[in-house]
Structure formats: C-alpha cells, structure tokens
Amino acid sequence: MLNQTLVTEFLLLGLTDIQILQTFLFTVFLAIYFLIVAGNGAILTIVIFDPRLHSPMYFFLGNLSCLDICYSTVTLPKMLENFLSTHKAISFLGCISQLHFFHFLGSTEAMLLGVMAFDRFVAICKPLRYPLIMNHQLCTQMAITIWIIGFFHALMHAIMTSRLNFCGSNHIHHFFCDVKPLLELACGNTELNQWLLNTVTGTIGMGPFFLTLLSYFYIIIYLFFKTHSCSMLHKALSTCASHFMVVILLYAPVLLTYIRPASGSSIDQDRIMAIMYSVVTPVLNPLIYTLRNKEVKGALSRVIRRRL
C-alpha cells in the first residue's frame, strides 16, 4: 500500500519557544555534545589500542561508548541547528530516519547492558570457567546479535510509522522525532502502532532489565554465601557498581517515558525524560567508568604520558 501522508515535513518545536534562551541552550548542549564525543571517544580508543583492556568486559564497554556517540549524534546536532534557526523543519524522510536510528541505537544499548550484566555474573560466580564461557567468538556473536535485533526492531517502527496518514498538524512537541509524538499527530487508527510500541519495545527494554536484576541478585547471593573476605566482597561489588549506575541512569527515564500510560504523561515530562536518557546518560557514562575503574584510569594515564 502506498504511503497516503499529506505531510512532507515536520516542525520540531524543541525544548522552549523563549527566544532569549536559545543561544544559552545552544552553548550548553554544544559543550555537552563535545564532552560525549570526547569522553566516549577516549574510552573507545584505549579499549581498541591498549592490549591490557582486550577482555570481554572492555569489549562490551567499547561497544557502549560507540553506541553513546552515535546515540547522541542522532538527536543533538539537529537540536543545536534548531536553536539557531527560525524554521525548525525536518523532512518526512529525515524524521523517519531519525526515529529509526534513535530506536535502533537505544534498544541496542538496552540489550548491551543486559549482556554486560551477564558478563559480570560469569566473571564473579564462575571465575575459573570465565575465559572458556566468555570467549572472543561468543562475545562477538552476542554483540552482532544485539546490533541486528536493534536494527530490525527500529526498522519495524520506522516502516509502521511511515505508513500512517498525517493530514493535520505537523508540529512535533519534542526536540527529535519519536514514535509517541508522531502517533499523536496521525489521523488514522494507531492501535497497532501503539501495541507494537508497548509490547515489542517493552519486551526489548524490560527483558535486559530483568536479566540485569537477576544477574545481580545471583551475584549478591553468591558473594554473601561463598565469599568470607570483606575485601574480596568489596572488590567484586565495586566492579559491578559502575555498570549498575549506568543501568539506573538509562532505565529510570525510559521506563517513565514508555511504560507510563499516555494519559498520565505530559509534553514537558517526556522532554525532560528524553534529555536524561539521550543526553545526560551518554555524557556521564565515561565519567562513571573512568572514575570508578582503575584499569581505565591507568590506560588513560599511559595514553596521556605517551602524547606528552
């Protein structure tokens, strides 16, 4: 069936319509974007080039840094452009493409955090079998699998949203194109789209979340019953703390945005939550892993010394 849409472009209304704040917000988010690219880029670089970090944990951390750079690049450059523009338009194709890559990278990151929790479970609860279980082939296969699942999950939303009939307003009360704001503008029946968002996206989001909780539950139980040394207990838990902080930072706003019923949400709340998981989390991830991880700090120090 051919696309029946009458809308050729959308207008992204952004964070605020107060003109005096536009330049200030542009400066703030430009600095944040620079920190995201620099911080995650530094971690990705040392994970690739430092042989001491060629382990499953840092392989997945490198994937996370790559995702964070791409994830923020999907939304922030367009947001920065609109801060300085009077005509905040995005083409229909550009809007659907932004929606696709946003859900592609977001769902991939959610699944990656679940895989990282499983990696910590094997490392702590089955240390002798860890090199055998988490071998290079399995890690590569898991990474490729979650990237592929994320891509086709997002493609589903992109195709289903593009087939809707947009015949009324083209004003999106958001700073990027997402499924929920676009469903509010559609003229026809959106029940299937809403069901896919709640069921498929909910499963992809909640599945890794419960896997993470289950992994940490078993880790805590194992440590309390098998480890009799406080120092070993503290060391094991500290290796999980960084990952768990990232999980909370990502999932708290995502759950509030996508699991909450539409009647209980507001435009301002959705935008604040979107800033949390698309801007704040990517900029904090490098700080969390750098400040709490001696190996990453050591690798960064070695890189800096070589540069000097």
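Using a 7 Å offset from Cα along Cα-Cβ at Lys180, what residues in the stretch 270-295 end up with backbone N under 12 Å from the label point?
Answer for the stretch 270-295: 270-277.
Which length gain, in nm to one decimal place, applies between Phe217 and Lys297 when the Cα-Cα distance is subtracted from 0.36 nm times their residue separation?
So the chain would gain 26.0 nm between Phe217 and Lys297.
Pick from Thr23, Thr190, Thr108: which residue has the top mean-square fluctuation in a GNM of the chain where Cα pairs under 10 Å get a spring?
For the chain, modelled as a Gaussian network with Cα springs under 10 Å, the answer is Thr23.
Amide H neighbours of Val7 under 5 Å, at least 5 residues apart or on other chains, H built in the peptide plane: list them.
Phe166
Semi-axes, largest first, in whole Å: what does sqrt of 5 times each Cα gyration tensor eigenvalue give for the stretch 16-73?
33, 10, 5
Å³ per residue of the Cα convex hull, for the chain?
151
Taking all protein chains as present, what is the carbon and sulfur share of the accessible area of the stretch 1-53, in % to the nearest whole number, probe 1.4 Å?
Carbon and sulfur together cover 73 percent of it.
What distance in nm lies between label points placed 7 Å from Cα along the C-beta direction at Leu132 and Phe26?
Taking the two extended label points, one gets 6.1 nm.
Could you work out how far apart the two model spin labels at Thr145 and Lys226 are, taking each label as a point 7 Å from the Cα in the direction of the beta carbon, and quote it in nm?
In this crude spin-label approximation the distance works out to 2.2 nm.
Excluding ligands and nucleic acids, what accessible area in Å² is computed for Phe60 using a 1.4 Å probe, to the nearest 10?
For Phe60, solvent-accessible area is about 0 Å².
By how many degrees, 0 to 90 and rounded to 10, does the Cα axis of helix 281-291 deviate from the longest principal axis of the chain?
Once rounded, one gets 20 degrees.
Please express the shape of the stretch 74-182 as an equivalent ellipsoid: the semi-axes are the square roots of 5 times the eigenvalues of the C-alpha gyration tensor, given largest first in whole angstrom.
The equivalent ellipsoid of the stretch 74-182 has semi-axes of 39, 15, 10 Å.
Assuming R0 = 25 Å, can you tell me the calculated FRET efficiency for the pair Ile248 and Leu192, based on Cβ-Cβ distance, to the nearest 0.05?
Step by step, r from the Cβ atoms, then E = 0.20.
For the stretch 1-71, with every protein chain kept in place, what is the accessible area per residue (1.4 Å probe, Å²)?
Here the residues of the stretch 1-71 average 54 Å² of exposed surface.
Which three extents, in whole angstrom, do the alpha-carbon atoms of the stretch 28-116 cover along their principal axes, largest first?
50, 25, 16
How far apart, in nm, are the 7 Å Cα→Cβ label points at Ser85 and His54?
The two pseudo-label positions are separated by 4.4 nm.
Just name one of Ser162, Asn82, Met116: the one whose Cα is farthest towards the positive end of the charge dipole of the stretch 40-174 (beta-carbon charges, Lys/Arg +1, Asp/Glu -1).
The Cα lying farthest towards the positive end belongs to Met116.
On a 0 to 90° scale, report how tilted helix 294-307 is relative to the longest principal axis of the chain, with both axes built from alpha carbons and the result rounded to the nearest 10.
80
Counting only pairs 8 or more residues apart or on different chains, how many lysine pairs in the chain have their Cα atoms under 22 Å apart?
8
The values are calculated or read from the model by the stated rules, or taken from the named source; none is laboratory data. For clarity, every value in this text was computed on a predicted model and none was experimentally measured. We place every Cβ from the backbone using ideal geometry, glycine too, and count neighbours over all the protein chains shown. Calculation scope for accessible area: heavy atoms of the full protein, side chains included, ligands and nucleic acids excluded. Shrake-Rupley method; radii C 1.70, N 1.55, O 1.52, S 1.80 Å.
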